[in-house]
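Every read-out reported here was derived from the displayed coordinates using simple, explicitly stated rules and does not represent laboratory data. Since this is a predicted model, take the numbers as computed values, not measurements. Here the Cβ positions follow ideal geometry from the backbone for every residue, glycine too, while neighbour counts run over all protein chains shown.
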Ligand SMILES: Cc1cc2nc3c(=O)[nH]c(=O)nc-3n(C[C@H](O)[C@H](O)[C@H](O)COP(=O)(O)O)c2cc1C
């Protein structure tokens, strides 16, 4: 297998909204091209495709991280061809170089990282750790705001208002049903084994199976030590969102490598009014992309892995 094919396969592990994995890869010679797959957009909550591009950005960062850890220099062009808006990035393989130690740490977290919707422990995430994560996010061209204790209630209300409005919307319920009842062979969507039973939480976690079938117990902890961070950037054009997705991946992989459990939360950015409240949390200085809950779980029992699409359906090569 060529390094570019291995990189595209590593990118299969990237997180994506509703586990839609809305991307495809095209390998020709020494280039690897990333395309957005608009047919996989969750239309009821992602009218403009923001969450889709964030997801593709995460896949792009996974591929870059794999190649840097494997000792390859690359050049990356983002949105290289205005005539092809779905072509999000072109990675060109360069020369072998010494593997990047930070990339190696992050690459080893690629297969281990999971969205953990269970409650996190009382052990707090330290300021030192949050500063470290912020540095990595900024290196990818985005920003991180740590939600202050006095702001958590606002985040909780924004999320609850958004989640309630969504569940009242028939189009959302249809999308939810579609992406939570996928036949096994599709390798996508959210499964009951990775979703958590509804319970009161500091900030609500998306209820993927309203009614009954989520299988994970939130556990005895109450997210008391959890940190909530808002990932944000300068704008919400495709180029900004792609960088935002790369920053999201850097945040999640580094946090995983450092022993933290992670869970993205995007309900509040999906509806206009809660999104406006979130903009207030980042003092109106940027566009909020999504929130991430970070924390520790003392039992270290991993959540089941979410399914992934067959690489043969996602990666193609031309000679
Ligand atoms: C842009 C984006 C938004 C997401 N929003 C949520 C969310 O609101 N709630 C949630 O529980 N998970 C959310 N996730 C996590 C995905 O559901 C998760 O990545 C996917 O199901 C695959 O599972 P994995 O992360 O364990 O590999 C989001 C992920 C991305 C990239």
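I need the semi-axes of the equivalent ellipsoid of the stretch 204-267: take the C-alpha gyration tensor, multiply each eigenvalue by 5, square-root it, list largest first in whole angstrom.
26, 17, 11
Could you list, bin by bin from short to long, the percent of Cα-Cα pairs of the chain in 10 Å steps?
Spelled out per bin, shortest first, that is 6, 28, 38, 22, 6, 0.
Using only Cα atoms and rounding to the nearest 10 degrees, what angle (0 to 90) does helix 272-281 make with the longest principal axis of the chain?
The answer is roughly 90 degrees.
Extent of the stretch 127-295 along each principal axis, from alpha carbon coordinates, in Å, largest to smallest?
Cα spread of the stretch 127-295 along its principal axes, largest to smallest: 39, 36, 33 Å.
Among rounded, prolate and oblate, which fits the stretch 47-94 when a ≥ b ≥ c are the square roots of the eigenvalues of its C-alpha gyration tensor, a/c under 1.5 means rounded, and a/b larger than b/c means prolate?
oblate
Per 0.36 nm of contour for each residue apart, how much would the distance between residue 171 and residue 48 grow if the chain were fully extended, relative to their Cα-Cα spacing?
Separation in residues times 0.36 nm, less the Cα-Cα distance, equals 42.7 nm.
For 276, 145, 185, what's the fewest-to-most ordering of other Cβ within 10 Å of each Cβ?
So the residues, fewest neighbours to most, are 185, 276, 145.
If neighbour count is taken as other Cβ atoms inside 10 Å, put 106, 154, 1 in order from fewest to most.
1, 154, 106
Over the Cα atoms of the stretch 251-297, what Rg and Dmax result, in angstrom?
In Å, with Rg to one decimal and Dmax whole: 12.6, 35.
Divide by every residue of the chain the summed helix terms, -39500 (n - 2.57) for each DSSP H run of at least 4, and state the resulting mean residue ellipticity at 222 nm, rounded to the nearest 500 deg cm²/dmol.
Value at 222 nm, helices only, nearest 500: -11000 deg cm²/dmol.
Could you list 25, 273, 72 in order of exposure, starting from the residue whose Cβ has the fewest other Cβ atoms within 10 Å?
By the 10 Å Cβ count, ascending, the order reads 273, 72, 25.
Would you mind checking the tilt of helix 238-257 against the longest principal axis of the Cα atoms of the chain, expressed as 0 to 90 degrees and rounded to 10?
Its long axis makes an angle of about 80 degrees.
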